[in-house]
Amino acid sequence: MSLQLSPQLQARMAQPLEIGGVKIFSRVFQAPLSGVTDMVFRRLVRRFAPQSMVYTEMVSAIGLHYARELPRVMEVGEGEQPIGIQLFDCRPHFLAEAARMAVDEGATLVDINMGCPVNKITRNGGGSSLLRDPDTAAKIVETVAKAVEVPVTVKTRLGWSDEEINILDFAYRLQEAGAQLITVHARTRAQGFSGRARWEWIRRVKERLRIPVIANGDIFSTAAAVKCLEETGADGVMCSRGTMGYPFLVGEIDHFLKTGQERPPATPLERIQVALEHLRGLWEYKGERGIRQARKHMTWYVKGFAGASHFRALLCRIETLQEGEALLLQAMKHCQDAAPEPEDEEMGEALEREHAATKEALLA
């Protein structure tokens, strides 16, 4: 049975999303992901979703204060709008200063991270620890909103734990402090990324607030996005982990919401072709460091065909651009566009031999 878009949802999604005084012509956002959403990745997402909001990686406000130059994670390229620069810290004055720098760099909006569950962020008062300090959270939004002309938004979670779910009052306070949009990841900090996202809480937030609410959590397909929007009444969805190794996802959802027509999912061959482009882009942008970062990306891309697991084992150890290119070109030859085949041991051994010969030739 094909996926259906209700007339009510289609009418709602057809309208531009207003964030403060800014109009966005897509209801599907690409989440900020540390170590993922650099300029190279964002350009791939943008190709398939030209009107969607994308975000930089999370940027440390105090790091910006003491740095002599802007970090690469904050760099915005030509034609990247609409784009949000996401900041984190717990000190309003540092965040206000960083927000002004973000606007100068080209940010369409400034997003404050109040949801990151990672210990090194929360133990210093940032990320989801702000859910336990709503006074400071509200002061941050108020201070940053006064410092910049662009909309200030927040990405957060349901609460610190099941015993401390406070998103309804927390989000309302942020709205009253000047936030122009709230993105809710429907898990607690204690959950991390485990368990299911509890979308029912997003509906409650939407019913409480006047400003747009974006739903985040478990958006791994167009069908999941539609189900989430129907259940929550949210103003849009934000894709996170589902785009790792699959930069097509935001565009697939956006296309369906606008047209009611599903795009066919990318084939394994198409994924590998984009992986090769991603690899070369990281090399051009970051050099050897880009190759090290590419290892995880390449393993995310390569799946769905006979021998894929063995390619992943090899790609996570690449040391040069040429080695990665050779492996991906080999994968293209082995990849089948038809139904996925079982990954057998004989195929894996053949790939290991082929890769060893390629690496020896590259080092010669």
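Charges at C-beta only: +1 for Lys and Arg, -1 for Asp and Glu. How large is the resulting dipole of the chain about its Cα centre, in Debye rounded to 20?
That gives the chain a dipole magnitude of about 820 debye.
What distance in nm separates the two pseudo spin-label positions at residue 47 and residue 161, each 7 Å out from Cα along the beta-carbon direction?
4.6 nm
Neighbouring Cβ atoms within 10 Å as the yardstick, rank 189, 295 fewest first.
Least to most surrounded, the residues fall as 295, 189.
List the GluC sites (Glu not before Pro) in region 124-220 that DSSP assigns to loop (not H, G, I, E or B) and whose Cβ has at most 10 other Cβ atoms within 10 Å. Which are they?
The qualifying sites are 149.
Set the Förster radius R0 to 22 Å, insert the Cβ-Cβ distance between residue 123 and residue 67 as r into 1/(1 + (r/R0)^6), and round the FRET efficiency to 0.05.
0.55
Along the charge dipole of the chain, Cβ charges K/R +1 and D/E -1, which of 261, 184, 197 sits furthest on the positive end?
The Cα lying farthest towards the positive end belongs to 184.
Computed from these coordinates, which is Rg/Rh (Cα atoms, Kirkwood Rh): (1) 0.95; (2) 0.99; (3) 1.06?
The value computed from this structure is option (2).
First select every other residue whose beta carbon is under 12 angstrom from the beta carbon of residue 193; then total the charges, Lys and Arg +1, Asp and Glu -1.
+4
Between beta-carbons, use under 9 Å as the cut-off and find the net charge around residue 77, counting Lys and Arg +1, Asp and Glu -1.
Every neighbour counted, the sum reads -1.
Which distance in nm do the two modelled labels at residue 93 and residue 169 give, with both placed 7 Å along the Cα-to-Cβ direction?
3.0 nm
Quick one: net charge of residue 221's neighbours, Cβ under 11 Å, K/R +1, D/E -1?
That works out to -2.
Using the 10 angstrom Cβ neighbour count as an exposure proxy, how do 219, 62, 24 rank, fewest first?
62, 24, 219
Given the pairs 227/296; 23/146; 206/227, which span a C-alpha to C-alpha distance of over 18 angstrom in this model?
The answer is 227/296; 23/146.
For the chain, what is the percent of antiparallel DSSP beta bridges, rounded to the nearest 5?
10 percent
Could you calculate the FRET efficiency of residue 322 with residue 104 from 1/(1 + (r/R0)^6), where r is the beta carbon distance between them and R0 is 30 Å, rounded to 0.05?
With a Förster radius of 30 Å, E is 0.20.
Run down the lysines and flag those whose C-alpha is under 19 Å from the C-alpha of residue 303, throwing out any fewer than 8 positions away in its chain.
333
Charges only on Cβ, +1 for Lys and Arg, -1 for Asp and Glu: so what's the dipole of region 90-181 about the Cα centre, in debye to the nearest 20?
Here the size comes out at about 220 debye.
Points 7 angstrom from Cα along the Cβ direction at residue 230 and residue 81: gap in nanometres?
3.7 nm
Please arrange 165, 85, 140 by counting, for each residue, the other beta carbons lying within 10 Å of its beta carbon, fewest first.
Lowest count first: 165, 85, 140.
Please name whichever of 67, 35, 4 sits farthest to the positive end of the charge dipole of the chain, dipole taken about the Cα centre and charges placed at Cβ: Lys and Arg +1, Asp and Glu -1.
Highest projection toward the positive end goes to 67.
Region 1-83: which chymotrypsin sites (Phe, Trp or Tyr not before Pro) are DSSP loop and have at most 16 other beta-carbon atoms within 10 angstrom?
Of the chymotrypsin sites (Phe, Trp or Tyr not before Pro), the ones in loops of region 1-83 whose Cβ has at most 16 other Cβ atoms within 10 Å are 25.
Every number in this text was worked out from the coordinates using simple rules, so none of it is lab data. Treat the numbers as computed from the prediction; the structure is a model and nothing was measured. Cβ atoms come from the backbone with ideal geometry, glycine included; neighbour counts cover every protein chain shown.
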